[in-house]
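Here the structure is laid out as structure tokens; the discussion comes afterwards.
The values are calculated or read from the model by the stated rules, or taken from the named source; none is laboratory data. Keep in mind that this is a model prediction, so the values were computed, not measured. Cβ coordinates were reconstructed from backbone atoms using ideal geometry, including for glycine residues, and neighbour counts include every protein chain displayed.
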Amino acid sequence: MALSGLEIYKLLPASSKDPAEKAHGNCKECGYPTCLAFAMKLAAKQAELAACKYISEASKAKLSAAAQPPIRLITLAADGRSSKAGNEIVLFRHEKTFYNPAGIFVRVADTLPADEIRSQAQAVADYKVDYVGLALRLDGVAVEVASGDPAQFAAAVAAASAAQIPLILMAEDPAVMAEGLAQAGGVTPLLCAVAHTFADSLSALTQLRRLALKKNFRPLGYPAIAFPYLGGGGADMEMILAGQQIAKYAGFVVLSRFEPAEVYPLLVLRANLFTDPQKPIQVEPGVYPINKPTADAPVLVTTNFSITYFAVANEMESSGLPAWLLVADAEGMSVLTAWAAGKFDAEKIAKTVKGTSIADQVAHRKVVIPGHVAVLMGELEEELPDWQIKVGPREAVDLPRFLKTAW
Ligand code: SF4
């Protein structure tokens, strides 16, 4: 069972009966003002036990056992690629963060010819799409025994493992599984017996997660594997169910086939769910040339939140119009959020203009700010007296029209 803050406090030096240990009590070396404050952080899983070096071995043993992650980490590995699930500590992302994205695997049946299995596994291994600067990939292949023949299953596993990506081996018969396992050279696979009932996936997976996290019920403290194609309803329902299972709370999701148009939205959904809400995805501040700009090209200011940057960059790239994108460090926030938080004001924009090489890159002195922060115009004119400040549109999609008519 997880220990409360007060129960943890009783095991820390300030509560110790050993005078030598107690002498260190409230020493602040852990970075917290008192042992009690440290205990509260430990209970909230926001501090590491190792931060205090004065805890007795006996207390450490008790605290370590209680500090074990309620859901065990499972790692499927192949040469250079791995898929991890588990180690989650919250039910909802806003409580802290989710750590290990649900692994997305594609099923191949052992009844397919070996060449076909090899090429499908390679296609899964090679699939890679760029999404706001992140490389999104599938995690591996699940080889299913459909033939019932141990030799055929073994050949299928050997063919799939040539792609050197993580594998899941799906067989109910231990003897068949052993044959397959012997062929999984260089790969640490997940072995699973095929489940046939996922009628109430949301309820089942949520119950598993709640029991593991809220009740610390160790026998259920493992990542769950889900098979959305067993839910019935065809390809569309499989994708909807897969999305639900990625969100709540599968550790691994096995799809019945590999279709780029179907896996892309699932990968994007997963990327959005498993980013840390306290660390927005961001790009490096600086000057970004779009469509080979010359010294006459417009200068557009935006923030370094990835989605904001790519919204502007993509609109400009597809318009074919050249521009200089001047990206300010707004701590990874979007334009309006950063402005409201005081991270994207006239001073910050002026600092970006002066702190980069943009003045050397262009022959003019005009800069376009986002329409959402038109209110900054007056202050910015004071900060940048040599520059003409122009207010652009609120939405990136309107930038090309604005540049054709108002630049
Ligand atoms: S390091 Fe922190 S927890 Fe450890 S004795 Fe000092 S104040 Fe207490």
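Within the range 102-127, take every residue that is assigned to a helix (DSSP H, G or I) and β-branched (Val, Ile, Thr) and give me the one that is surrounded by the most Cβ atoms within 10 Å (Cβ to Cβ). Don't jump to the end; show me each part of the working.
The initial filter retains those residues of the range 102-127 that are assigned to a helix (DSSP H, G or I), namely 114-126.
Right, trim to β-branched (Val, Ile, Thr) and you get 117, 124.
Values: 117: 25, 124: 23.
Filtering the range 102-127 for residues that are assigned to a helix (DSSP H, G or I) and β-branched (Val, Ile, Thr), the one surrounded by the most Cβ atoms within 10 Å (Cβ to Cβ) comes out as 117.
Looking at (1) among the charged types (D, E, K, R); (2) modelled with pLDDT of 95 or more; (3) surrounded by fewer than 16 Cβ atoms within 10 Å (Cβ to Cβ), find the lone condition where residue 149 falls short.
Result: residue 149 passes all but (2).
Only one of 36, 42 is without any contact (Cβ under 8 Å) to a residue 40 or more places away in the chain and over 18 Å from residue 216 (Cβ atoms). Can you tell me which? Don't jump to the end; show me each part of the working.
On the way: 42 fails: over 18 Å from residue 216 (Cβ atoms).
Result: 36 is the single residue among 36, 42 that is without any contact (Cβ under 8 Å) to a residue 40 or more places away in the chain and over 18 Å from residue 216 (Cβ atoms).
Applying the selection to the range 256-275, what residues are in contact with a Lys or Arg (Cβ under 7 Å, 6 or more places away or on another chain) and either assigned to a loop (DSSP other than H, G, I, E, B) or under 28 Å from residue 110 (Cα atoms) (or both)?
Just the residues of the range 256-275 that are in contact with a Lys or Arg (Cβ under 7 Å, 6 or more places away or on another chain), to begin with: 256, 273.
Across the range 256-275, the qualifying residue is only 256.
Of these, 311, 328, 323, which one is buried (at least 22 other Cβ atoms within 10 Å of the Cβ), among the small types (Gly, Ala, Ser) and farther than 24 Å from residue 382 by Cα?
Working: 311 fails: buried (at least 22 other Cβ atoms within 10 Å of the Cβ); 328 fails: farther than 24 Å from residue 382 by Cα.
Step by step, each of 311, 328, 323 is checked, and only 323 is buried (at least 22 other Cβ atoms within 10 Å of the Cβ), among the small types (Gly, Ala, Ser) and farther than 24 Å from residue 382 by Cα.
Since residue 341 meets every condition but one in (1) surrounded by 21 or more Cβ atoms within 10 Å (Cβ to Cβ); (2) free of Cβ contacts under 8 Å to residues at least 40 places away in the same chain, which condition does it not meet?
(1) is the only condition that residue 341 fails.
Being among the aliphatic types (A, V, I, L, M) and surrounded by fewer than 16 Cβ atoms within 10 Å (Cβ to Cβ) is the filter; apply it to the range 11-32 and report the residue that is farthest from the ligand (Cβ to nearest atom). Give the steps one after another, and end with the answer.
First, the residues of the range 11-32 that are among the aliphatic types (A, V, I, L, M): 11-12, 14, 20, 23.
Filter once more, keeping what is surrounded by fewer than 16 Cβ atoms within 10 Å (Cβ to Cβ): 20, 23.
Numbers: 20: 12, 23: 9 Å.
Per the criteria, the residue is 20.
How about the range 33-63: which of its residues are surrounded by 12 or more Cβ atoms within 10 Å (Cβ to Cβ), away from the ligand (no atom under 11 Å from the Cβ) and within 19 Å of residue 88 (Cβ to Cβ)?
43, 44, 45
Restricting attention to the range 128-177, which residues are of a type in the set (A, V, I, L, M, F, W, C), in a strand (DSSP E or B) and closer than 16 Å to residue 256 by Cβ? Full working, then the answer.
So in the range 128-177, the residues of a type in the set (A, V, I, L, M, F, W, C) come out as 129, 132, 134-136, 138, 141-143, 145-146, 151, 153-160, 162-163, 165, 167-171, 175-177.
With the extra rule that they be in a strand (DSSP E or B), the set shrinks to 129, 134-136, 141-143, 167-170.
Listed by number, the residues that qualify are 141, 142, 143, 168, 170.
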